[in-house]
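Presented below is the structure to which this report refers.
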Amino acid sequence: MATKKTIITKDTIVSFYMDYVLENGEKPKSVYLFAKLNGFTEAEFYDFFGTIESLEKEIFKIFLEKTIELLHKDNDYLGYDMKTKMLSLYFTFFELLTANRSYVIMSLKKYDSNLKNLLQLSGLKESFKTYVADIITDDIRTKQEQFQEFQTKSIQESSWIQLLLTLKFWVDDVSPKFEKTDIYIEKSVNLSFELMDTAPLDSLIDLGKFIFKEKIQKK
């Protein structure tokens, strides 16, 4: 009886790739050899990825997509405020990373503190920034409409830097169950939302408008 061929999907290719890297300590030399070793064709690989490098970039993005998918399975999630949504994302995301820690550490450790410029994280960056923009609520958003786009971009960038810092902390964390990372997440997210308070920003903008108006009137 013939062995049933594994159905090749994006997830199966990613799984094969992560196993290969862990078992060999390096990425495959070519798409051809990688595909042949795992019993599928180059054509099947190219149905989902253009290169080995594009596959690498997709992995961290997939971790985030699966995180968001899990969050949306919780009926209470949509009713959360922005801070609770962000905390939920962090805790779930790092649970997924922990489940795949050996691969993640091998992928990131050699880059040490230069995670910000790591191409492997570019897919994650764009997806994360989109997520952040989607969950910004009116209580966070400034009342000054002309500054809202600038504020959104600022929150996206600062949130991305915060995620990178948390990722670096998690990579170096040696505490049982990575409990220190959990503490770091809670404290850093709480602090970021305290700094995100729009009341001082709106007051500053109002003051700026007043000063500008006064100068114009005096001319």
For this session: Work out how much length Leu33 to Ser102 would gain on full extension: take 0.36 nm times their residue separation and subtract the Cα-Cα distance, in nm to one decimal.
Result: 22.5 nm
Seminar exercise, completed: Between Tyr80 and residues 5 or more places away or on another chain, the pairs with built amide H atoms under 5 Å apart involve none
Problem set entry | trypsin sites (Lys or Arg not before Pro) within segment 30-119, DSSP loop, no more than 11 other Cβ atoms inside 10 Å | Lys73
Seminar exercise, completed: The answer for the net charge of residues other than Tyr17 whose Cβ lies under 15 angstrom from its Cβ, with Lys and Arg +1 and Asp and Glu -1, is -4
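Each value in this text was obtained by applying a stated rule to the coordinates, not by laboratory testing. Keep in mind it's a predicted model, so treat the numbers as computed, not measured. All Cβ positions, glycine included, derive from the backbone under ideal geometry; neighbour counts span all protein chains shown.
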